[in-house]
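Colleague: Mind looking over this structure? Questions follow.
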Amino acid sequence: MGMLSNYDLKMRARSRVKGPAFGISLKISLILILWQIVSTYWDGQRTPDPSSLGFGESVQYLFGMFTTSMVSEIIFGVFGLGTVWAFVEWRRSQEAPANPVQASLKFWGRETLVDVVVLYGLRFLFTVLWTFLLIVPGIIKSFAYSQAGLIFAEDVKNGAKITSLSEYLTRSQDLMQGYKGRFFWLQLSFIGWWILVALTFGIAAIYVIPYYNATMAEFYMEVVRERRYGARHPAGDTEMPVDENDEL
């Protein structure tokens, strides 16, 4: 038996979005929820009619889109990393964070902020460059690089010396060898939820974002567990082995 199925990972994540745990998950995800609501409204307001743009205006618009996308990716990435990492720590310690909002802002400290901004900027640029070649390789690379932030978070927690930020993209690729297909289907399973977010002008994000990020935390922990301990036994484990010093 391999790693837990995507269904099982999502079931674990659902335990964080029901009952008393939902209030804590809501606080952990608060910044991302507000960002999602604002960006959903803003995207709907600023989309121009392409037929009304001249060549120069089109180039300017595309450049503006690229710049805005990169800034959004970095800001959303820093907040997202703190949010997912808070769920990782919550699962590993089995104790909810004493200050959920503060836990989600972990990587906004001066010791880590610049590194995280550069890391997510590099991830965005490398993904875009691959996408320029062909769409599919760009998507595959986005999956391959998806765990770079969490691997960085592990090193920060363990006090490891950060020498190369691009190294985390390579380590993420190594970690995701054999798991990109699973990650693709996991992302695909949330399409209906993201459509609901759009239809409700971001309001459904109050539930969807905590659920999604808790699921991403479960996926990361399960991949790391399997890399470290191997496949699960046929009888299955309901709780994964936990080592607070796990690192890649």
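Colleague: How much net charge surrounds PHE124 when only the other residues with a Cβ under 13 Å from the Cβ of PHE124 are counted, with Lys and Arg +1 and Asp and Glu -1?
Modeller: On the way: positive: ARG123, LYS141; negative: GLU73.
Local charge sum for PHE124: +1.
Colleague: Translational diffusion coefficient of segment 103-173 at 10 °C, 1.306 mPa s, Stokes-Einstein with Kirkwood Rh over Cα pairs, in µm²/s as a whole number.
Modeller: Details: Rh = 12.7 Å.
Rounded, D is 126 µm²/s.
Colleague: Here is a further query. Going down the table (LYS18/LYS141; LYS10/LYS161; LYS10/LYS141; LYS10/LYS180; LYS18/LYS180), which pairs top 27 Å between alpha carbons?
Modeller: LYS18/LYS141; LYS10/LYS161; LYS18/LYS180
Colleague: Sort the following peptides by mean Cβ neighbour count (other Cβ atoms within 10 Å, averaged over residues), highest first: 137-144, 85-92. Present the calculation step by step, with values, prior to reporting the outcome.
Modeller: Values: 137-144: 18.5, 85-92: 22.0.
Output ranking for 137-144, 85-92: 85-92, 137-144.
Colleague: Something else: Do you know the relative contact order of segment 129-174, to the nearest whole percent, from alpha carbon pairs under 8 angstrom that are 6+ apart? Display every interim value, and only then the final one.
Modeller: Details: 28 pairs, mean separation 17.6, N = 46.
Relative contact order here is 38 percent.
Colleague: So, R0 is 25 Å and r is the distance between the beta-carbons of LEU133 and SER72; what FRET efficiency does that work out to, to 0.05?
Modeller: Computed FRET efficiency for LEU133 and SER72 comes out at 0.65.
Bear in mind these aren't lab numbers, they're just calculated from the coordinates by the rules spelled out. What you see is a predicted model, and the numbers here were worked out from it, not measured in a lab. Note: ideal-geometry Cβ built from the backbone for every residue, glycine included; neighbour counts use all protein chains shown.
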